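To start, the structure under review is shown below, and the notes come after it.
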Amino acid sequence: MLRVLLLILSVVAIAHAELCKPDAQNAFKVRLSIKTALGDNAYAWDANEEYLFKAMVAFAMRRYSSKSTTQISNVLLCNVTDRVSFWFVVTDSSKNMTTVPGSEVEAAIRMNRNRINSAFLLSDKTLQFLKITSTLLPPVEPSTPVWLIVFGVVLCLIVAGIVFLVVAGIQQRKKKNKESTESENLEERGEVTVTVENGIPCETLDLKAGHINGVFAADDERFTSL
């Protein structure tokens, strides 16, 4: 019985070795740069990390298809190197000697890429699935709605316009009051000022000294002199 069991395990191991090897059908290569990403806080890649990787791939497969019965044992790793690179395949749970199509594995990895990265404290650049393109992060939505930002800008412009009109009106009123005050001062001092009407300069009367018409002044000298 023990010999039969060992024989079965040997056959399964050989079959798994044929399924998981470099460039095998439906196999994917993974490369991790733990030291580059974490520096002094880098962790060692060991059997526990391999188990976690298998668990995350199984999780991705199960989440990708609600009918999937993928187990951790269905994820096979091979050709693990010290610089942390390896190949993996996912076997079909219903047919243990065949692998899940690569397109399904790729779709599952892409859908759960952020969850897998978070599990290993890495990113798309430091946890690379060489035959699976990186996923784009969803666009960042601003915490403040766009319509509220637009409303705030328009309101600020309206307030700025009102303030400008009020200040301009006050300055214009001060200017008029200043001109009126200067004109009154000139009248009180009896100074002759020149005003312009219809584009023609006209002299105003000196309120204290008066103004003598030259025509009448000449007539008076001619007829009244004794």
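3J(HN,Hα) along the range 20-28, derived from phi through the Karplus expression 6.51 cos²θ - 1.76 cosθ + 1.60 where θ = phi - 60°, amounts to 10, 7, x, 6, 6, 5, 6, 9, 10 Hz, with x in place of Gly and Pro. For the range 31-80, the Kirkwood hydrodynamic radius from C-alpha pairs, put into Stokes-Einstein at 37 °C and a viscosity of 0.692 mPa s, yields a diffusion coefficient of 265 µm² per second. Rounded to the nearest whole Hz, the Karplus-based 3J(HN,Hα) values (6.51 cos²θ - 1.76 cosθ + 1.60, θ = phi - 60°) of the range 100-110 follow the sequence 5, x, x, 5, 6, 4, 4, 5, 5, 5, 4, with x at glycine and proline. Straight-line reach from Lys29: taking Cα to Cα under 20 Å and skipping same-chain neighbours fewer than 8 places apart, the lysines in range are Lys21, Lys54, Lys125, Lys131.
The amide H of Asp92, built 1.01 Å from its N in the peptide plane, has Thr98, Thr99, Val100 as neighbours under 5 Å, considering only residues 5 or more places off or on other chains.
Sorted by accessible area (1.4 Å probe), largest first, how do Ser118, Ser33, Ser180 line up? All intermediate terms of the calculation are to be shown ahead of the outcome.
On the way: Ser118 80, Ser33 35, Ser180 55 Å².
Accessible-area ranking of Ser118, Ser33, Ser180, largest first: Ser118, Ser180, Ser33.
Couplings for the range 81-86, taken from phi via the Karplus curve 6.51 cos²θ - 1.76 cosθ + 1.60 with θ = phi - 60°, read 10, 5, 7, 6, 9, 6 Hz in order; Gly and Pro are left as x.
The values are calculated or read from the model by the stated rules, or taken from the named source; none is laboratory data. Worth saying up front: this structure is predicted, and the values here are computed from it rather than measured. Remember, those area values only see protein heavy atoms, side chains included, never the ligands or the DNA or RNA. Shrake-Rupley method; radii C 1.70, N 1.55, O 1.52, S 1.80 Å.
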